[in-house]
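Heads up: the structure comes next, in structure tokens.
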Amino acid sequence: MKITPYGSSMIFDENSLPDSLRNEHHTKDGTWGLLRVLEGEVRLVFLDPPSVRLVTVDDPAPIPPQSPHFVKLAGPMKMQVELVLLTMPVSLR
């Protein structure tokens, strides 16, 4: 499996986190996200299947492609989302 980082969000805090991340959204097909908390903690809410993950400085959360989710604040925080593509080498397809 080849991991290709291709972008990251700006660093958000509890005041600058956009509504687009606070409401239901998903990554593109083939794109994984990695939610990193730099200060504090947030809740990452997955909708299908339903689950909630507490994301902390020491425990970043992977976000599978096309998985509907949103971020719920748990207090003051700083966070960033990294985006990566995972591709299978041609020899393994």
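Heavy atoms only, probe 1.4 Å: what % of the accessible area of the chain goes to carbon and sulfur, would you let me know?
Numbers: 3300 of 5800 Å².
Percent of accessible area from carbon and sulfur atoms in the chain: 57.
In square angstrom, what is the accessible area per residue of the range 21-93 with a 1.4 angstrom probe?
Numbers: 4310 Å² over 73 residues.
Using a 1.4 Å probe on heavy atoms only, each residue of the range 21-93 averages 59 Å².
Quick one: net charge of A61's neighbours, Cβ under 9 Å, K/R +1, D/E -1? If you can, show how the numbers build up before the last one.
Details: positive: R36, R53; negative: D59.
With Lys, Arg at +1 and Asp, Glu at -1, the net is +1.
Cα-based Rg (one decimal) and Dmax (whole number) for the chain, in Å?
13.7, 47
Would you mind putting 14-25, 31-42, 66-77 in packing order, based on average other-beta-carbon counts within 10 Å, highest first?
Working: 14-25: 11.3, 31-42: 18.0, 66-77: 15.2.
Going from most to least packed, we get 31-42, 66-77, 14-25.
In a shell of Cβ-Cβ distance under 13 Å around F46, excluding F46 itself, what net charge do Lys and Arg (+1) and Asp and Glu (-1) give?
Working: positive: R43, R53, K72; negative: E24, D48.
Residues close to F46 contribute a combined charge of +1.
Using amide H atoms built 1.01 Å from N in the peptide plane, name the residues 5+ places from I63, or on other chains, whose amide H lies under 5 Å from its own.
When sequence neighbours closer than 5 places are left aside, the close amide H contacts are G33, L34, L35.
Relative contact order of the chain: what whole-number percent is it, with Cα pairs under 8 angstrom and at least 6 residues apart?
On the way: 212 pairs, mean separation 42.1, N = 93.
In percent, rounded to a whole number, it is 45.
If you plug each phi of the range 24-29 into the Karplus form 6.51 cos²θ - 1.76 cosθ + 1.60 with θ = phi - 60°, what whole-Hz ³J(HN,Hα) values come out, in order, with x for Gly and Pro?
With the stated coefficients, the range 24-29 comes to 4, 7, 8, 7, 6, 4 Hz.
Charges at C-beta only: +1 for Lys and Arg, -1 for Asp and Glu. How large is the resulting dipole of the chain about its Cα centre, in Debye rounded to 20? Could the numbers behind the result be given before it?
Details: 9 positive and 11 negative charges, 66 e Å.
Its charge dipole is roughly 320 debye.
How much net charge surrounds R22 when only the other residues with a Cβ under 14 Å from the Cβ of R22 are counted, with Lys and Arg +1 and Asp and Glu -1?
Cβ neighbours under 14 Å give a net charge of -2.
Does anything in the range 47-88 have its amide N under 12 Å from the 7 Å Cα→Cβ label point of D13, and if so which residues?
Under cut-off, by backbone N: 76-79.
The values are calculated or read from the model by the stated rules, or taken from the named source; none is laboratory data. Keep in mind that this is a model prediction, so the values were computed, not measured. With ideal geometry, Cβ positions are generated from the backbone for all residues, glycine too; neighbour counts draw on all protein chains shown. Side chains included, ligands, DNA and RNA excluded: accessible areas come from the protein's heavy atoms. Shrake-Rupley method; radii C 1.70, N 1.55, O 1.52, S 1.80 Å.
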